[in-house]
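A.B. asks: Take a look at this one; I'll ask things after.
The values are calculated or read from the model by the stated rules, or taken from the named source; none is laboratory data. As the structure is a prediction and not an experimental result, all values here were calculated from the model. Ideal geometry is used to build each Cβ from the backbone, glycine not excepted, and the neighbour counts take in all protein chains shown. Heavy atoms of the whole protein, side chains included, go into the accessibility calculation; ligands, DNA and RNA do not. Shrake-Rupley method; radii C 1.70, N 1.55, O 1.52, S 1.80 Å.
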Amino acid sequence: MPWTSSVRAREELYMKLIKDPQAMLLLSVHGLFILSSALSGTFLNVYLWKSRQDYTMLGWFTIAQQVALGLTFWAAGKWVKEHNKMNALRLGIAVSALFYLCVLWAGRDAVHYIWPLGLLFGVSLGLFWLAFNVVYFEISSAENRDWFNGWIGLLGSVTGIIGPWMAGWIITMMHGDQGYRFIFTVSMVIFAATVVLSFFLRKRPVQSDYHWLEGVSRLKEGGVWKYAVFGLAVQGIREGVFSFLITLLVFVATDQESKLGQFALITSAVSLVSYWACGKWFKPKFRKIGMLVGSILMLLVIMPLLLAVNYTTLLVLGIGTSLFIPLYMMPAISASFDLMGVNQENVEKRVELVVLRELSLTVGRITGLLVFILVLSFRQDTLTITLLLLFLGASPIGSWLFIRKLFPSKGQVT
């Protein structure tokens, strides 16, 4: 695409967001959801860890989330496609509030309810992200999706700066369980307020019948969707473990919630700048090489952990990942969503294809988590964990090997 056309597309999206209250409202709902998740989500696994120092327990907790998330995506797809997708989004937010209410009720006994709590959390995430991703596809296009992803990343980075740092400071000041209970309560209140705000979102048009086995059909057909599914599955291998282990290692290394909040503040600030830069200058023609460079650099920043696992080396990992992950993640996200808009049939089946995308990621995440649990069932020393991080951290390179097939030389999916 010519540079002037790309600029024009970005300007049109910006004007659309400014002029369309519904688009701005959707981003506001997304921002509040991310803020509430950032407040408590960063410290949720630490809270469980303080009751039982067991890496495998947290691995099973995350697997429970992923199992429920995948099943919810698949089952709720019919509701989202044939009925009111906004109600699915609202219910997802409400169930998130219910989850933190259950954590507050269980207190330190929450470690005895890992599976039911994990399943409940996964249901909330599945409902919200299925509805949000479908609407996200509807309001963006192949021409402006990288730029839109940049803004989504910026929004996540801003909330990532504010939420964890504030939560860490409050938990440290209030000492012990009182601080955690306060933060979980605040998250619950924000989720409730987000539900109220979401009622100002208009009902979007429904579609035709939901095809339960569309994903199976796409895999049987082969072609580009085969590469997309395999690429997404390999991408998920890293995500499942890194989503909770890095922040936990920061706490284990420092034994201070305030340090964890500081870690999140620094890495999110770097992420904000990198997403802003990529959103402004990253062009579709750079996707293939950018994704490869990003995946290699994300692996290299894990290397300092071989010397020592402490706050400094973990900060190098966090800053490096935040700096380079947009190069990898923005093309990966855009590639799969671009496939959904390549023809009218795909557009009409966008719900099924969003479900297929998420199920592919879920399979990868569960695979990575099972490897994590299996290895740490035998050994939980620092070197083993570091080598495991290097192994799982190489998965983005494997993901690139598949997803690069979706990037024709002219930067346009065919």
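A.B. asks: Looking only at segment 127-140, count every residue that is open to solvent by less than 40 Å² (accessible area, probe 1.4 Å) and modelled with pLDDT under 85 and tell me the total.
C.D. replies: Looking only at that region, the number is 7.
A.B. asks: What pairs come up if the first residue lies in segment 227-239 and is closer than 12 Å to GLY393 by Cβ, the second is of a type in the set (Lys, Arg) and surrounded by 22 or more Cβ atoms within 10 Å (Cβ to Cβ), and their beta carbons are under 7 Å apart, counting only those six or more places apart or on different chains?
C.D. replies: Matching pairs, first to second residue: GLU239/ARG365.
A.B. asks: Sticking with this one: Might you check whether a residue that is hydrophobic (A, V, I, L, M, F, W, C), out of contact with any Lys or Arg (no Cβ under 8 Å at 6 or more places or on another chain), more than 19 Å from SER124 (Cα to Cα) and not in a helix (DSSP H, G or I) occurs anywhere in segment 177-200?
C.D. replies: Yes; the residues of segment 177-200 include at least one that is hydrophobic (A, V, I, L, M, F, W, C), out of contact with any Lys or Arg (no Cβ under 8 Å at 6 or more places or on another chain), more than 19 Å from SER124 (Cα to Cα) and not in a helix (DSSP H, G or I).
A.B. asks: Any residue in segment 297-318 that is of a type outside the set (A, V, I, L, M, F, W, C) and within 30 Å of LEU406 (Cα to Cα)?
C.D. replies: Yes, the conditions are met somewhere in segment 297-318.
A.B. asks: Could you list, in sequence order, all residues of segment 77-98 that are open to solvent by 10 Å² or more (accessible area, probe 1.4 Å) and not basic (Lys, Arg)?
C.D. replies: Hits for segment 77-98 are TRP79, GLU82, HIS83, ASN84, ASN87, LEU91, ALA94, VAL95, ALA97, LEU98.
A.B. asks: From the residues in segment 141-183 that are among the hydroxyl-bearing types (Ser, Thr, Tyr) and open to solvent by 30 Å² or more (accessible area, probe 1.4 Å), which one is modelled with the highest pLDDT?
C.D. replies: Among them, the one singled out is THR172.
A.B. asks: Would you call GLY368 within 26 Å of LEU125 (Cβ to Cβ), out of contact with any Gly (no Cβ under 7 Å at 6 or more places or on another chain) and modelled with pLDDT of 90 or more?
C.D. replies: For GLY368, the condition - within 26 Å of LEU125 (Cβ to Cβ), out of contact with any Gly (no Cβ under 7 Å at 6 or more places or on another chain) and modelled with pLDDT of 90 or more - is not met.
A.B. asks: Please pick out the residue among VAL293, VAL241 that is of a type in the set (Val, Ile, Thr), in contact with a helix residue (DSSP H, G or I) (Cβ under 9 Å, 6 or more places away or on another chain) and open to solvent by 10 Å² or more (accessible area, probe 1.4 Å).
C.D. replies: VAL293
A.B. asks: Which of the numbered conditions does LYS220 fail, given that it passes all the others? Conditions: (1) buried (at least 16 other Cβ atoms within 10 Å of the Cβ); (2) among the basic types (Lys, Arg); (3) closer than 23 Å to ASN346 by Cβ.
C.D. replies: (1)
A.B. asks: If you go through segment 113-126, how many residues are open to solvent by 10 Å² or more (accessible area, probe 1.4 Å) and either modelled with pLDDT under 95 or of a type in the set (A, V, I, L, M, F, W, C) (or both)?
C.D. replies: 8
A.B. asks: May I ask you to list pairs of residues, at least six apart or on different chains, whose Cβ atoms are under 7 Å apart, with the first in segment 100-122 being among the hydroxyl-bearing types (Ser, Thr, Tyr) and the second being part of a helix (DSSP H, G or I) and modelled with pLDDT under 95?
C.D. replies: Once the first residue is among the hydroxyl-bearing types (Ser, Thr, Tyr) and sits in segment 100-122, its partners that are part of a helix (DSSP H, G or I) and modelled with pLDDT under 95 give TYR100/SER40; TYR100/PHE184; TYR100/SER187; TYR100/MET188; TYR113/ALA106.
A.B. asks: Quick one: would you say ALA193 is hydrophobic (A, V, I, L, M, F, W, C) and either open to solvent by less than 40 Å² (accessible area, probe 1.4 Å) or at pLDDT below 90 (or both)?
C.D. replies: Here the answer is no, as ALA193 does not meet what is asked.
A.B. asks: Now for a separate question. Kindly indicate the residue of segment 18-41 that is at pLDDT 85 or above and among the hydroxyl-bearing types (Ser, Thr, Tyr) and also most open to solvent (accessible area, probe 1.4 Å) among those meeting that condition.
C.D. replies: Taking the candidates together, the pick is SER37.
A.B. asks: Return yes or no: is GLY398 among the small types (Gly, Ala, Ser) and surrounded by 24 or more Cβ atoms within 10 Å (Cβ to Cβ)?
C.D. replies: Answer is no for this residue.
A.B. asks: Right, next: Starting from segment 43-64, keep only residues that are touching a residue at least 40 places away in the same chain (Cβ under 8 Å), then list their pairs with residues that are surrounded by fewer than 19 Cβ atoms within 10 Å (Cβ to Cβ) and not in a helix (DSSP H, G or I) whose Cβ atoms are within a distance under 8 Å, requiring at least 6 positions of separation or different chains.
C.D. replies: Taking only residues 6 or more apart or on different chains, the pairs are TYR55/GLN380; THR56/SER377.
Yes/no per residue for (1) part of a helix (DSSP H, G or I); (2) out of contact with any Ser or Thr (no Cβ under 6 Å at 6 or more places or on another chain); (3) β-branched (Val, Ile, Thr); (4) on the phi < 0 side of the Ramachandran plot:
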{"residue": "VAL206", "(1), (2), (3), (4)": "no, yes, yes, yes"}
{"residue": "TRP212", "(1), (2), (3), (4)": "no, yes, no, yes"}
{"residue": "GLY240", "(1), (2), (3), (4)": "yes, yes, no, yes"}
{"residue": "SER243", "(1), (2), (3), (4)": "yes, yes, no, yes"}
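A.B. asks: Exactly one of these conditions fails for THR384: (1) without any contact (Cβ under 8 Å) to a residue 40 or more places away in the chain; (2) open to solvent by 30 Å² or more (accessible area, probe 1.4 Å). Give me its number.
C.D. replies: Status for THR384: all satisfied but (2).
A.B. asks: Does SER336 satisfy the condition of being hydroxyl-bearing (Ser, Thr, Tyr), surrounded by 19 or more Cβ atoms within 10 Å (Cβ to Cβ), in contact (Cβ under 8 Å) with a residue 24 or more places away in the chain and in contact with a helix residue (DSSP H, G or I) (Cβ under 8 Å, 6 or more places away or on another chain)?
C.D. replies: Spelling it out, SER336 is indeed hydroxyl-bearing (Ser, Thr, Tyr), surrounded by 19 or more Cβ atoms within 10 Å (Cβ to Cβ), in contact (Cβ under 8 Å) with a residue 24 or more places away in the chain and in contact with a helix residue (DSSP H, G or I) (Cβ under 8 Å, 6 or more places away or on another chain).
A.B. asks: Could you please tell me which pairs satisfy a Cβ distance under 8 Å, a separation of 6+ or placement on different chains, a first residue in segment 249-262 that is open to solvent by 30 Å² or more (accessible area, probe 1.4 Å), and a second residue that is in a loop (DSSP other than H, G, I, E, B)?
C.D. replies: ALA253/VAL309; ALA253/ASN310
A.B. asks: Something else now. Cβ contacts < 8 Å: first residue over 10 Å from SER274 (Cα atoms), restricted to segment 309-327; second residue among the small types (Gly, Ala, Ser) and surrounded by fewer than 22 Cβ atoms within 10 Å (Cβ to Cβ), any location; separation 6+ or different chain. Result?
C.D. replies: From segment 309-327, the pairs are VAL309/ALA253; ASN310/ALA253; TYR311/ALA253; LEU314/ALA253.
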